[in-house]
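Notes to accompany the following structure.
The values are calculated or read from the model by the stated rules, or taken from the named source; none is laboratory data. Only a predicted model underlies this, so the values are computations on that prediction, with no experimental measurement involved. Here the Cβ positions follow ideal geometry from the backbone for every residue, glycine too, while neighbour counts run over all protein chains shown. Heavy atoms of the whole protein, side chains included, go into the accessibility calculation; ligands, DNA and RNA do not. Shrake-Rupley method; radii C 1.70, N 1.55, O 1.52, S 1.80 Å.
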Amino acid sequence: MTRLSRYLLPTEKQAPADAEAISHKLMVRAGLIRQVGSGMWSWLPAGWRVHRRIEQIIRQEMDAIGAQEMLMPVLQPAELWRKTGRIAIEELFKLTDRKGSELVLAMTHEEVVTSHVAQLVRSYRDLPLVLYHFQVKERDEPRPRAGVLRTREFIMKDSYSFDRDEEGLAHSYELHICAYDRMMERCGLRFYRVASDVGMMGGRSAHEYMAPCPAGENEVALAGSYAANVEVASAQAKPANLPEPLDAPVREHTPGLTTVEEVSSFLGVPASALLKAYPVAVEVQQNVGENDLGGALAGASAGGGQRSAGMRLVLVLVRGDHFVNETKLERALHSRCRPASAEEIESQIGPAGFIGPVGLQGRVQILLDEAVHDGCYVTGGNERDVHLRGVRPGRDFTFDRADVRTVCEGDLVNGIPISIERAIEVGNIFQLGLRYTEPFGARFLDEEGHSRPIWMGCYGIGPARVAAAAVEQYADERGISWPKAISPFDVHIVAIGREGGPERRAADALHEALRSAGFVVICDDRDIGPGQKLADADLLGAPLRLTVGRRALEAGEVEVLMRRGGRRAGGIAIGAGETELADAVRTLWATLP
RNA sequence: CGGGGCGUGGCGCAGCCUGGUAGCGCGCAUGAUUUGGGGUCAUGAGGUCCCCGGUUCGAAUCCGGGCGCCCCGACCA
């Protein structure tokens, strides 16, 4: 029996002063988590129950697709990470032991699992293989935030698939999509599966599982069946409103006017008729073919720097009402890039705030966004206090083209306008391809005895984020409202009245009946006022609340409240036998979200 | 990495400017009262005022250094 009088559930009336996000406030207030340091959190008993229930759902769905659970260490030799080049990642914790050996704290486990597979898998008969574990991940986050949403240490389920060929990988990927869809549904989350950037993992195709909520750090673009992270989303732009074309560019004096807003209002043209010039410094690759290895990982200035051969400038042009998307830009350039420094701009292009594409031929590559259609635009004049009107791409400057802008709300995909929502990334799946198996020499012998590389995928999901997302999505002004599958308790019994009184005896009987029927029950038997108990029950958010007070005893019925929406259900007869009680609750339970 | 803010009992805060016995609300303990929405009363416990150094007769308060934590930004030229 779980009695609140004996349970560590430190609820608080006031949220921590520094909390912003709803989930942060409520999870602390409800006594689920406590902070240890920046980005470091303990899970208190009730919070840990939530975490474990989510884990269990994930575990069941992984097992259901034939994945095998194992466990790999967090502390790892740095050598493994040198092999893949990921030693250069800044978020990777590095340390040395007393002998001076270099170690890392793993942020994911591709290196270890792949090194195992490279050793242990020999034959096509050993494939396909899916391995997973729940393990702590360590990340030196530049900025931990929002309680358990972005932490430096967290538990993640990560699985790794190993296949004979690309088709096998695609199949493993599909299996994971099914498993992940089911996990999300079973956890009761509203979610989107969106196309995403491959990011630091390197590799090929990728999707993210996004739970929409205001505290989310990501934005997703949605249009009908289209769903993509804004970092990679593409869409058809709303048409620009262009002025009459001119035969040649005309100089305009624009003293001190450097922003799109200033220039467009001064010249009386809409922002969409301007070309915004965004100079970036791009890493020059010596050997593009080899790039898949280091790829997006080797930071511009990071140590190792195997193939950086200096920087060159590229002038990116997007419409004045659009924004450059650096993720898409790096993809288009097949290289890391960063905004150019003030010195680089001044020395190679022109005065900051007045730069443009005209007159740069041969000196700086010009990359024109696809949403810039033929017509005459206003651009910087590469001269202080001067802009040019009537600049026409192709006539007045030459360019390369790419889709490098961030989509806007209302842009079209297949004729359907995009909406943009904030969301928490709770899971992600990647087709890694040979990104990790090659460096570790993970190969197998096929039916003909030929050695072939193993095709790999990886798949992560964070139970803590699932929990936080559920809190965000369903909380109301009274507190948390858990989906029934992941609530710390199924039923919260509020026992009003004095200890030893008839209400308490009735509550105990109810507790025992439901417990033996398989429900996880918490009973508030504390010697405090009824208001406090009811408020704590609201805060903790179990889906079903049963109140046993004098009112109930007189009516001969226990009062039932469904937390979501605060709906009252018909009472349950107190005098009924255990079986009848359990059946009544079971019937109600089936109707809960 | 840039900007801003904060560190005083478990939580939320005041006191600091203008140096002089460390306070308030909630919580906690004990007792009484109350028992369907955080009720009431009484008594009580609990603090290295983040740390180190300096100034001073005297530092939570002033000065210097450090540590910790939070928020915003880190594309809009």
Restricted to segment A:133-177 and to residues being in contact with an Asp or Glu (Cβ under 7 Å, 6 or more places away or on another chain), open to solvent by less than 40 Å² (accessible area, probe 1.4 Å) and assigned to a loop (DSSP other than H, G, I, E, B), the residue farthest from A:Ala469 (Cα to Cα) is A:Glu141
Reported set for segment A:541-593 where residues are within 16 Å of RNA strand B (Cβ to nearest atom), free of Cβ contacts under 8 Å to residues at least 24 places away in the same chain and among the hydrophobic types (A, V, I, L, M, F, W, C) is A:Ala555, A:Leu561, A:Ala569, A:Ala573
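Which of the residues belonging to segment A:11-39 are within 18 Å of A:Trp482 (Cα to Cα) and surrounded by fewer than 19 Cβ atoms within 10 Å (Cβ to Cβ)? Talk me through it step by step, then tell me what you get.
Residues of segment A:11-39 that are within 18 Å of A:Trp482 (Cα to Cα), as a first pass: A:11, A:21-33.
Scanning segment A:11-39 gives a single hit, A:Thr11.
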Pairs returned, first residue in segment A:1-28 that is more than 18 Å from A:Ala467 (Cβ to Cβ), second residue that is open to solvent by 60 Å² or more (accessible area, probe 1.4 Å) and near RNA strand B (Cβ under 10 Å from one of its atoms), beta-carbon separation under 8 angstrom, 6 or more apart or interchain, are A:Ser5/A:Asp527
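Would it be correct to say that A:Glu167 is away from RNA strand B (no atom under 16 Å from the Cβ) and either assigned by TED's automatic domain parsing to the domain that holds A:Tyr436 or touching a Cys at 6+ places or on another chain (Cβ under 7 Å) (or both)?
On the way: away from RNA strand B (no atom under 16 Å from the Cβ): yes; either assigned by TED's automatic domain parsing to the domain that holds A:Tyr436 or touching a Cys at 6+ places or on another chain (Cβ under 7 Å) (or both): yes.
Considered against the rule, which asks whether it is away from RNA strand B (no atom under 16 Å from the Cβ) and either assigned by TED's automatic domain parsing to the domain that holds A:Tyr436 or touching a Cys at 6+ places or on another chain (Cβ under 7 Å) (or both), A:Glu167 comes out as yes.
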The number of residues in segment A:351-367 that are buried (at least 17 other Cβ atoms within 10 Å of the Cβ) and near RNA strand B (Cβ under 10 Å from one of its atoms) is 4
| Would you call A:Ile424 open to solvent by 10 Å² or more (accessible area, probe 1.4 Å) and aliphatic (A, V, I, L, M)? | no
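May I ask you to list the residues in segment A:27-45 that are within 11 Å of RNA strand B (Cβ to nearest atom) and in contact with a strand residue (DSSP E or B) (Cβ under 9 Å, 6 or more places away or on another chain)? If you could, list the steps in order and put the result at the bottom.
Kept after step one, since they are within 11 Å of RNA strand B (Cβ to nearest atom), are these residues of segment A:27-45: A:28-31, A:34-41.
Hits for segment A:27-45 are A:Val28, A:Arg29, A:Ala30, A:Arg34, A:Gln35, A:Val36, A:Gly39, A:Met40, A:Trp41.
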Subset of segment A:216-272, residues open to solvent by less than 30 Å² (accessible area, probe 1.4 Å), of a type in the set (Val, Ile, Thr) and over 30 Å from A:Ile429 (Cα atoms), comes to A:Thr254, A:Val260, A:Val263, A:Val269
Taking the criterion of being open to solvent by less than 50 Å² (accessible area, probe 1.4 Å), part of a strand (DSSP E or B), farther than 30 Å from A:Ala467 by Cβ and assigned by TED's automatic domain parsing to the domain that holds A:Gly500, would at least one residue in segment A:547-570 satisfy it?
no
Residues of segment A:1-30 being closer than 18 Å to A:Pro488 by Cβ and within 25 Å of the chain's Cα centre (by Cα), in sequence order, are A:Ile22, A:Ser23, A:His24, A:Lys25, A:Leu26, A:Met27, A:Val28, A:Arg29, A:Ala30
Just one listed residue, out of A:Arg435, A:Arg504, A:Arg401, A:Arg478, is under 22 Å from A:Gly565 (Cβ atoms) and either charged (D, E, K, R) or more than 27 Å from the chain's Cα centre (by Cα) (or both), and it is A:Arg478
A:Glu244: passes all of (1) farther than 26 Å from A:Asp374 by Cβ; (2) not in a strand (DSSP E or B) but (1)
So, first residue away from RNA strand B (no atom under 12 Å from the Cβ) in segment A:477-488, second residue open to solvent by 10 Å² or more (accessible area, probe 1.4 Å) and charged (D, E, K, R), Cβ within less than 6 Å, six or more apart or across chains; the pairs are A:Ser481/A:Arg563; A:Ser481/A:Arg564; A:Ala485/A:Arg186; A:Ile486/A:Arg53; A:Pro488/A:Arg49
If we keep only residues of segment A:515-540 that are more than 6 Å from RNA strand B (Cβ to nearest atom) and closer than 18 Å to A:Pro483 by Cα, then the residue most open to solvent (accessible area, probe 1.4 Å) is A:Gly518
| said: Whether any residue in segment A:414-430 is more than 15 Å from RNA strand B (Cβ to nearest atom), more than 30 Å from A:Ile58 (Cα to Cα) and more than 38 Å from the chain's Cα centre (by Cα) is what I want to check. | reply: no
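Pick from A:Ala506, A:Ala495, A:Ala468: which is open to solvent by less than 10 Å² (accessible area, probe 1.4 Å) and within 11 Å of RNA strand B (Cβ to nearest atom)?
Working: A:Ala506 fails: open to solvent by less than 10 Å² (accessible area, probe 1.4 Å); A:Ala468 fails: within 11 Å of RNA strand B (Cβ to nearest atom).
Step by step, each of A:Ala506, A:Ala495, A:Ala468 is checked, and only A:Ala495 is open to solvent by less than 10 Å² (accessible area, probe 1.4 Å) and within 11 Å of RNA strand B (Cβ to nearest atom).
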Counted residues in segment A:85-132 being open to solvent by less than 20 Å² (accessible area, probe 1.4 Å), more than 26 Å from A:Glu174 (Cβ to Cβ) and among the hydroxyl-bearing types (Ser, Thr, Tyr) come to 0
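If the requirement is being in the same structural domain as A:Ser272 (by TED's automatic domain parsing) and more than 12 Å from RNA strand B (Cβ to nearest atom), which of these qualifies: A:Glu370, A:Glu346?
One residue alone meets the criteria, A:Glu370.
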Only unsatisfied item for A:Phe154, checking (1) under 26 Å from A:Glu438 (Cα atoms); (2) within 16 Å of RNA strand B (Cβ to nearest atom); (3) at pLDDT 90 or above, is (1)
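Need a quick list: helices (runs of 4 or more DSSP H) entirely within segment A:20-84 having at least 1 residues that are at pLDDT below 90 and out of contact with any helix residue (DSSP H, G or I) (no Cβ under 8 Å at 6 or more places or on another chain). Talk me through it step by step, then tell me what you get.
Working: elements: A:22-29, A:45-64, A:78-84.
The helices (runs of 4 or more DSSP H) meeting that bar are A:22-29, A:78-84.
Go through segment A:247-258 and give me each residue that's over 21 Å from A:Leu360 (Cα atoms) and within 12 Å of RNA strand B (Cβ to nearest atom).
Filtering segment A:247-258 for residues over 21 Å from A:Leu360 (Cα atoms) gives A:255-257.
Listed by number, the residues that qualify are A:Gly256, A:Leu257.
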Across segment A:348-398, the tally of residues that are part of a loop (DSSP other than H, G, I, E, B) and free of Cβ contacts under 8 Å to residues at least 60 places away in the same chain stands at 15
